[in-house]
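Take a look at the structure below.
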Amino acid sequence: MSRRALTLMVAGFLTLVLGVAGTVLPVPYVVLSPGPTENTIGDVKGKPVISIAGRQTYPTDGKLSLVTVAYQGGPGTRIDLFTALRGWLDPTIAVVPEETIFPPATTAEEVEEQNTQEMTNSQDDATAAALTELKIPYTSAVTVASAEKGLPAHGKFTQGDEIVSVDGVPAADRETISSTVRKHKAGEQVTFVVERGGQKVTVTVPTVAAKDGTPIVGISMAIRYKFPFEVNINVGDVGGPSAGMMFSLGIMDKLTPGAMTGGKAVAGTGTITPDGQVGPIGGVQQKMVGAREAGATFFLTPAANCAEALAAVPDGLKLIRVETLHGAVQALDAVRTGKGAPGCSAG
């Protein structure tokens with residue numbers, strides 16, 4: 001056999017081996033691709049994405065679409081090498097290290113559970129932000145979400161306890177409660193008053209030092225809002241907090257006369273706080289692709305994501321920079337009236 005023939009045969013064999021290995025060899029990466037979009041002022045599977053009871057609503061038009069990212073891979077379902085290579089060659093797809101999506105020592109089920117909880121929280125925060133912007137009053141309370149086993153609070157608090165005060169200080173928000181606890185030295189007693197089953201109960205627990213030395217009692221807290229009417233949000237299997245701003249805009253559009261978009265197709269993304277601050281999100285490039293494929297011509301972009309978005313904005317999609325819910329409303333007013341909305345800049 002000639003040297004050339006032998007070389008070709010060995011090369012062919014190695015190519016075959018690599019090809020077979022590529023189809024079965026799992027790699028610790030996750031493929032991110034454009035996910036589905038949902039019009040927050042429209043329907044999903046025959047049901048309104050946002051439904052409001054107990055308050056007058058108004059017909060609207062156009063689209064205020066939330067955007068999502070689909071992922072492939074993760075613990076227990078790792079992708080193969082060829083899938084990763086195809087993703088690296090596709091500009092609409094991102095291939096990221098597995099720990100970017102799944103922190104070490106977490107399972108896919110735990111991440112899904114966290115995403116579901118973040119979605120629930122973002123819906124409540126979005127409703128609060130919308131009502132704040134519309135100057136519709138509501139109240140809120142800090143509640144006990146859980147008490148960690150092995151820490152002083154375990155067995156002393158019940159999930160759902162509404163914290164009224166700590167050491168006599170009204171429990172205005174989570175930071176007030178945490179800062180009051182941190183004023184104690186490890187081992188000192190902290191006195192909570194909680195409302196449980198309609199009754200006020202006094203709970204006294206000692207603090208312990210966390211790993212960083214911070215005094216804690218071992219509770220995690222959540223906010224329970226008390227809105228003057230009912231707002232329900234239906235998005236199926238979508239998880240995470242990044243649709244918060246779009247939920248707020250959808251709620252506002254339904255609660256006010258006229259169409260906020262003027263009938264135009266607008267998509268966007270961004271977390272939201274109850275006071276209307278818009279925060280950055282992940283996967284903005286894939287979300288822009290999904291928005292454009294769904295027909296959007298304007299994309300509400302968190303200011304912190306602008307530089308990344310500008311590097312890969314699809315043709316026909318205008319980026320609009322937003323920092324607050326109020327700014328997003330003003331930008332939609334500019335879109336509706338044909339005036340210039342604030343665009344993204346690289347700086």
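Residues in the range 223-240 carry Karplus couplings, in order, of 9, 10, 8, 10, 8, x, 8, 9, 10, 10, 10, 10, 10, x, 8, 5, x, x Hz; the curve used is 6.51 cos²θ - 1.76 cosθ + 1.60 with θ = phi - 60°, and Gly or Pro positions show x. Between amide H atoms placed 1.01 Å from N, distances below 5 Å from Gly240 occur with Thr116, Glu118, Met119, all of them 5 or more places distant or on a separate chain.
Pairs with C-alpha atoms separated by more than 32 Å, drawn from the list Lys63/Lys135; Lys135/Lys211; Lys45/Lys200; Lys135/Lys318, are Lys135/Lys211; Lys45/Lys200. Between the Cα long axis of helix 284-293 and the first principal axis of the chain there is an angle of about 80°, rounded to the nearest 10.
Under the classification rounded if a/c is under 1.5, otherwise prolate if a/b is larger than b/c and oblate if not, where does the chain fall, given a ≥ b ≥ c as square roots of the Cα gyration tensor eigenvalues?
On the way: a/c = 2.57, a/b = 1.30, b/c = 1.97.
Oblate.
Amide H to amide H distances under 5 Å link Ala171 with Ser165, Val166, where only residues 5 or more positions off or on other chains count and H is placed in the peptide plane.
Could you give the length gained by full extension between His154 and Thr297, i.e. 0.36 nm per residue of separation minus their alpha carbon distance, to one decimal place?
Working: separation 143, 0.36 × 143 = 51.48 nm, distance 5.17 nm.
Once the chain is fully extended between His154 and Thr297, it gains 46.3 nm.
Against the chain, whose longest principal axis comes from its Cα atoms, helix 325-337 is set at around 60 degrees. Reducing the range 269-347 and the range 220-239 to their Cα centroids gives an inter-centroid distance of 24 Å.
Taking the charge dipole of the chain about its Cα centre, with +1 at Lys and Arg Cβ atoms and -1 at Asp and Glu Cβ atoms, the residue from Leu319, Gly276, Pro34 reaching farthest to the positive side is Leu319.
Among 204-210, 28-34, 284-290, 312-318, what's the highest-first ranking by average C-beta atoms within 10 angstrom per residue?
Final packing ranking: 284-290, 28-34, 204-210, 312-318.
Amide H contacts of Thr60 (H built 1.01 Å from N, in plane; Pro and chain starts excluded): no residue 5 or more places away or on another chain comes under 5 Å.
Every number in this text was worked out from the coordinates using simple rules, so none of it is lab data. In this text the structure is predicted, and so the values were computed from the model without any measurement. Don't worry about glycine lacking a Cβ; one is built from the backbone with ideal geometry, like all the others, and counts go over all protein chains shown.
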